[in-house]
Each structure stands twice: as structure tokens, then as C-alpha cells.
1. Given the condition at pLDDT below 95 and either out of contact with any Lys or Arg (no Cβ under 8 Å at 6 or more places or on another chain) or within 22 Å of Ile331 (Cα to Cα) (or both), answer yes or no: does some residue in the range 378-386 qualify?
2. Does any residue in the range 902-922 that is part of a strand (DSSP E or B) come within less than 6 Å, Cβ to Cβ, of a residue that is at pLDDT below 95 six or more places away or on a different chain, and which pairs are these?
3. Does Asp741 meet the test of being more than 27 Å from Gln681 (Cβ to Cβ), surrounded by fewer than 12 Cβ atoms within 10 Å (Cβ to Cβ) and among the acidic types (Asp, Glu)?
4. Taking the range 449-483, which residues are in contact with a Ser or Thr (Cβ under 6 Å, 6 or more places away or on another chain) and either among the charged types (D, E, K, R) or farther than 17 Å from Ala819 by Cα (or both)?
5. What do you reckon, is Gly927 surrounded by 20 or more Cβ atoms within 10 Å (Cβ to Cβ) and in a loop (DSSP other than H, G, I, E, B)?
6. Every residue in the range 51-63 that is buried (at least 18 other Cβ atoms within 10 Å of the Cβ) and not in a helix (DSSP H, G or I), please.
7. Go through the range 119-138 residue by residue and tally those that are over 18 Å from Gln82 (Cβ atoms) and either in the same structural domain as Lys232 (by TED's automatic domain parsing) or surrounded by fewer than 15 Cβ atoms within 10 Å (Cβ to Cβ) (or both).
8. Restricting attention to the range 438-480, which residues are surrounded by 24 or more Cβ atoms within 10 Å (Cβ to Cβ), touching a strand residue (DSSP E or B) at 6+ places or on another chain (Cβ under 9 Å) and charged (D, E, K, R)?
Amino acid sequence: MFKQCIVIICALVVSAVSPVMAYVSFSPDSQSFVVADKASGKVASIWVDSNASPGILLAAKNLQSDIYKVTGLTPVIVHDAQALSGQVIIIGERGAAAPVDRLFADGTLSIEENANQWEGYQLAHVQHPFDGVEQAWVISGFDRRGVIYGIYDLSEKMGVSPWYWWADVPVVQRDGVYITAGSQVSDAPKVKYRGIFLNDEAPALTNWTHEKFGGYNATFYRHVFELLLRSKANFLWPAMWNNAFADDDPQNMYLAHEMGIVMSTSHHEPMMRADKEWNRYGSGPWEYSTNPDKLYEFWVEGAKRYKDKDAIFTMGMRGQADTPMSEGENIGLLERIVADQREILAKHIDKPIDEIPQVWALYKEVQGFYERGMRVPDDVTLLWADDNFGNVRRLPTSDELGRQGGAGVYYHFDYVGGPRSYRWINTVPLGKVWEQMNLAWDYGADRIWITNVGDLKPMELPISFFLAQAWDPSAFDETSPASFTREWVRKQFNGQYTDEITRLLNTYTLHNGRRKPAAIAPDTYSVLNYNEASRISAELADAAALAEKIHADIDSAYRDSFFQLVGYPLWASQTMFELNHAQALNRLYAEQDRSTTNEMAAKVNGWFARDEQLRDAYHELRGGKWNHMMSQPHIGFVHWRNPPANLPPVVHTKALATPAVADMGVSVEGSRLYWPANEGQGKPLTLPTFTSFGESSRTVTVYNRQGKTFNWKAKTSHDWILVDKQGGALTAEEQVSVSIDWQKLPAGEHTGSVFVSGTGWGGASIDVVAVKPDLLQSPQPGDFIEGDGYIAANATSATILNGEAGEWRRVSLHGRTGAAMRTAVEPHALLDTGNAPALQFPLYFTSSGEFSLSLQLSPSLPFDAATGIQLAIALDDKLLGTVSLPEQSDKKAWEQGVLNNVKTLTSTLPVAKPGRYTLTVYGLTPGAVLQKVVVDTGDLKPSYLGPLERRYKL
């Protein structure tokens, strides 16, 4: 008769090799450890000490449930160590679980190198560990969280996603779960505290929480804590807008401690007291200069609450409601505040003060205190912050690396404030997250990584990535954003449509990274130049159609999770873009007096209704489980803060004559002018200049300004001007493509026209200019060639010349072009052109002159004050100088940079004669992320993204 198995889980630290090892199999062999097997009905039992940490006991209970979810078989949990027999899964913290300690004591198991440190765990398959025990799968850890992570590692590898509850990811049913014989895995985190901040949580999360749980209570937080632990995180700043974690439900702090979550309070809430608690219980002003006794007394309660619980005490003080201190830049006062807070901790917590975790959040103006010389004791962690838009402001210097308290980073996926709040959906491409947090790792900020996630949903993907990178930053590189996304998709959807879903996630995140939805306006993307808005529209439409198909075809069990994780954010992002796109066209059509003005107004209203439909569909999922979760207003911004509700956009409509008449209008690509109004203004209609290496065609639009069908004709002045349509009947509008027969033109500038006739007197004469250069030297395939008055090149298309002092490396899923090049240079280094890595761009000019060069970089901040972020530029062998990214103190440059997701550094290129040149961009410091290079040779048009790169082909 089969003997039940017991799973042993101990608190041990593990080696970095483990996360990639797939020790779980769903096909047995004769040597496999059987977790559960449907065919035989065999299922391993789980042993855990009855006196184990409550968090371990809860995780063991969850493992029991997870095995049932996967196989339909329920393991028995036993506590009697004398009853071990058969095949066993044993759970226990090293030093607190007798069977586990015996295995290490008798040499059956040896502790892996990193399985003997903070939160490390070790998983091992053991044959005949004890008399009567055939096999054991031992999960051991250095401490209780190490044990818990080991338990959930097994759960995830069995197919239970950390998002099984929060995103309704199905658990795949299996006939059996087996562990490969001889498997041994160990791991431990590289960043000590890894977590999230629930913030800006009203109305969405707050209304949802109150409806489902009655508020931010322990029932709610149990789900948050479990998600964190399954994601191998350990740290939380709780919701605080109108909430107080320990006061709203005193069970919150006890549950956090029991489950293993280290609690803290946000950057402006000192001493484990919530901001709102002062409103409830405080007396007098929130000003230490005038009310120190009451504030001191208020903070004492925080120390008492957490004297025996896992916590990090936030030190210092800001104004109430996340504002600067009213006392201004009073360094002496703030130093006194920190000293008094430490006095409180020393009095009320039975530990040496330097063993009580403390953090000073150098957020916004607080960083200025540090820069002007304020210091805190060496054991206090310095928590550096980003600029609220994902760009780290400051990282440790070489002198700061030896501090006992170390350093960390507070990051943002969500923010309320200028220049524009973003609180709705995910807008941060993973490449940006990796690149900035990799800098933090390289510069030694490894004590705390915490990110503001707003309402938690729908930030599932970036939360997963952030926490995974925090666990082991050294395992992530420039390719990880793309590979992580694909693997994450594979796991959540059981391998269904992996490539397609990955592409959809990348499409919407990169799109939102170009410009956050809340910051898109009708004039953001050009409807006149470079086919910009229509190109993005087509890209999003293709993705949206693919998402619709997958949503219909995917296994029905995955439909709800697909909607939450992929469909909604993609379709909602498309909706925000198209609403503004339609509004821009509605304005243009109204200016040009088109009859289709009303049609475009209807499209604006239709996209507004589409947004409501998507929200309602989200709220109706799973019988209303997620009601309120997508209720954050996001349409109608005119200021940094969101509107009170989604506000219908203003549209233009046009009254048409009755009975219907015909009245022709003509417009041209790149201009808001139209015929016949332009004639009254003395402004000719002119197509953008044709160049032999530029766009092959331009567009003329013939349209009806009223409602009755009419006939029109197009005639060219010269046979070298070609049109794809010469006339016909027209009710609404017709687009005519104009091109040039270059074989019929000699070198030089040529002028002609297209004449369009229809209704009324005369017709529209459209000027056509074509320029064919006289070249003495031929371009080479791959050259970035001048055409239409510009040269454009993506940074990733450059030739890379790396050296021993540093490299340019391609970062996936970063920047407005989808990938970017970053400088991989030693921290604190400042190179010169003799040893700096270089990007080379072969440029071919068809004209000469002093041309403006634009280097488009990610809007990173000079986080290293000693070096800044610098590049050098050369044309052929001539060094043209260096350029640097500006400080955050340049507020206008910063605002434009974070809204545009690019900062442009300019220089001048002296081009003496047409021909081939080599542009070289040297990376002199760490932290530079180059996206694109654009040279304006005289006719660069205004647009948001600029022209696409163009390379010469034979």
C-alpha cells in the first residue's frame, strides 16, 4: 500500500542558480518524487511543526490548497515528526523544525552558500532520509520568509500564478505533479526589502475595497500580503489617502507580522503613524517648531505598536498631506526631529538603536536638505527617489557606500502631481524600469526597492517585473524586459498565444511610454506630417483586432484574465489615442469646412462611449468581482490633476444645406489651408517638396463641403508629375496620391502643379516642387540618407564600437522607438573620447550647410553629481564638443522631458559639401540612453515622434 508523502519546508537561504531550474514535472518516471498522482490516487503529505510561525503554517495550508487546485487531490498536513513515512514534503525553519535540523546535522543535506542568509531557502530531493521514509522533498530556509518563499516557489512551478486571485489566472489541471529525482535548488534575495506602495487609491481601489471587504481591513490585506509573498516580496507601504493601516483595523498589523510582511509608512508619515491619524487624534498644528510635545507623544504610540513586529520606521518629517514642511529649509529643526524620533525608538524598543530598521526618504524637497549638508546616523537607510516619472534623481556616491544603513530607491508606476497625474493604467515600459533600477543596483542602492503602484490593478505586469528584478538584479540584463514579458505571458496563459500576447503587451506599454494617456491631447500626434497619427492608429488597430480574436479564441477559462491583463489595457489605450485623434481630425475638418466634420464628431463621441463600455465590461467580470476598479477619471485633463469624472470632449459640427448642394474643397498634405479659402488669403496650396530620396508620394484630398454628389477632375502641368486618380464622382471625399517620375527629370529644382476642378468657378491649383540632387558620390546601402529636408536614424541601427572602458548596449522595450542604446560604463566613471564606447552613423547628405543635430535621449536625470550624464559628438575626425542632460532644477526642460519621454540635446553639424560622413556619438558616463538621431537639413516638419529613420537601398 502506498505510503503518504510529506513535504519538508525549512527556513534556509538559497543560491542564485535556483530560479531557473524547473524541478517540477507533469510526467512521472520511476525515480520521481510524487507530489500527487491521479491515476494511483497517491498524494504526498505535508509535514510542518505545529509551533511553526503562523506565516509558515498559512503558506503550508495554501500549498495544500494549491496541490488540490492542480490535481484535485488533497494532501494531509501532519505535525507528528515521529510519523514520517513513505514519500514526504517537509516544511520547517532551520533551527525550529526537528526533522530539518536532523538532515543538516547528520550530513544528509549541506547548506548551500546563499541558503544561510536573510530570506534564503533551499529545496532538495532526498532519498531515504529517515527510516521508513522513501523520499523527501525538503523546503528549508534561513528564516520564516525563506521557508514561505520556498513553499510558494513550488506552488508557482506547479502552475499556480501569484495572480491567481488578483487577476483570475486559471490553475491548469494536471494528472499528476512530480519532482525530478536529485533536484536541489537554493536562492536568496539580493535586495533586502522589496515591495509596493498602495497609493492614490481613491476612487477605484477604495470603492472596490469598501464594497467587497467593508474597508481596508485584514480581510483585504490578507490578499495583498499573499500576493507579495507569492511574488517573493516582503515590504509594504499601505493605502493612506484617507486610511490608517493600524488604526482602521488593528488586526492589520498583527496579520502582516504573522504572515511575514515588513510594514512601514510612506515617505511623509513618520514613526509608523499614518497621516490621517493626526487628523483623528492629534492636537494642535503639525509643526515641530511650535508643537513638539504633542508630536513627540503622537510618535511614541507608533514605536509601542511595532516594538515586537517587523517594521521599518520612517524618519524625519514633511508637511501634512504630502507637502513640504511649513518651516521651510530648516536643517537644524529636521535634525532635532530625527534625534527625538531615535530617542523614542531607543526608549520603547528593546533593541540597540542601530538594529532597529529606519529609513529617511529623500523625496522631493527633502533631498535638498541632504544636498545642503544634513545627515542622519549611519544606520538609517537613505531612500533615494525618482522624479515621480521613473527617472532616479540621485544614487549613492563612493563615500556613501559604506554606510551601515545602506541605500534604496522609491520608484513610481503611478503619480498624482505635475506636470500631469497618471493613475489609471500601466504606462511604464519594462525596459525603462530595468534600466533605471539596474543603475540603482550598480551604484549600491540595494537595501530597499519600493514602487508606487496606485490601485495595484492594472499594474500586474510591471509589479511582477519590478519584484523579480529586486530579488536578483544581477540575473537581469538589457534583454530581460523582453524575455521576462514573454515568459510571464507563457505562465499566465499556459502557453496559449504566447508570441501574440507578448506582442500585444509590448505594443500598449511602448505606446503609453511614448506619451501617457492622461497627457495625450488632440494636438499631441501630428495629423499633418509624416503620417504620424494615422500610422499609430493603424498600429493600435492591428493590435486591437488581434486582441479581439485571441479573446474570442482562447480557452474560455482564460478569457477573464486575458481581458484584465491584456485586452482592457490595450483597448483602453487605443480608445484614448483614437478619441484624441478623432478630435484632432474633427477640428481640422471643421477648419477646412468639410462635410465629414460631423462624421468625425460622431467618432469622437463613439470613442468616448467605447471607454465607458470597456469600463463597464471590466466591472462586470466574474459577477462584479472587480466593480469600481477602473473608475479612475482619465478623460478631460486641462491641468495636472484629473477631472472629477470622465468629461465628454468638445466637438465641432457643421450644418448642411437643405436641399443638398455640392461645393468642392481641396486640401493638401502638411497644411491646414484649403481651397477656395486660401485664394482669399493669397496663400497658394503647396505640397511638401519632393526629393529623390524622400517620400515617394504626397496626398491631395478632394472633398465635399456640402452633401450632394459632384464630379471632379485632376490635371497635371507636366508629364513628370503623376496622379493615381484623374477624377470621378464624389460625395464625401477622395484622396489623390501625387508622385514624381524621376527618370524624366535632370538634376536640379523643378516646379509644376496639379489643377483640380469640380464645382464653382475655376479650381484649385496646387504647387509641386521636386528637387533632384547632382551627386558626385553615390550613397552606399545602409547609409542614413538625406531626404525631405532631414536625416533620421534610430540609435539601435548604429554601428557599435565598444572598448574596455565601457560599452553601448541595446535595451529592449525602452524609448519611443521600441528599443534604445544605453552606456554600460563603470559607476562614477567619466571617460574621454579615447576610451569611451562609440555609436557610429553613416550619414549621406545631398546638400551642404550648418545643420542642426538633435540627439533624442531618455529623460534621465544626472543622478551622479560628480559626472552628470554626458556625450561627445564627432563628425568624421572632427570633435564637435560634449553635451549633457540638464538637472531637474531646469523645471521646463524636466516637464517637457517626462511628458515627451525624451530630452533633446542639440549641436551643429558643419557639412561643407554633399556626400558621405560618419557621425560618432561617444558615451562618456553611465546613464545615457540614446533613442534617436535627427539632422534638420532645412525642412524638418513639426511632429511629436519625428520622422521615421530612412536608409538607402539599392
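1. Narrowing the range 378-386 to residues at pLDDT below 95: none.
No: the range 378-386 contains no residue that is at pLDDT below 95 and either out of contact with any Lys or Arg (no Cβ under 8 Å at 6 or more places or on another chain) or within 22 Å of Ile331 (Cα to Cα) (or both).
2. That search, which allows pairs on different chains as well, returns Gly915/Gln777.
3. Values: more than 27 Å from Gln681 (Cβ to Cβ): yes; surrounded by fewer than 12 Cβ atoms within 10 Å (Cβ to Cβ): no; among the acidic types (Asp, Glu): yes.
The answer is no for Asp741.
4. Phe466, Leu467
5. Numbers: surrounded by 20 or more Cβ atoms within 10 Å (Cβ to Cβ): yes; in a loop (DSSP other than H, G, I, E, B): yes.
Spelling it out, Gly927 is indeed surrounded by 20 or more Cβ atoms within 10 Å (Cβ to Cβ) and in a loop (DSSP other than H, G, I, E, B).
6. Pass one, the range 51-63, residues buried (at least 18 other Cβ atoms within 10 Å of the Cβ): 52-53, 55-60, 62-63.
Matches in the range 51-63: Ala52, Ser53.
7. The qualifying residues number 1.
8. Within the range 438-480, just Asp455 meets the criteria.
The values are calculated or read from the model by the stated rules, or taken from the named source; none is laboratory data. None of the values given here were measured: they were computed from a predicted structure. Glycine gets a Cβ as well: all are built from the backbone with ideal geometry, and neighbour counts include every protein chain shown.
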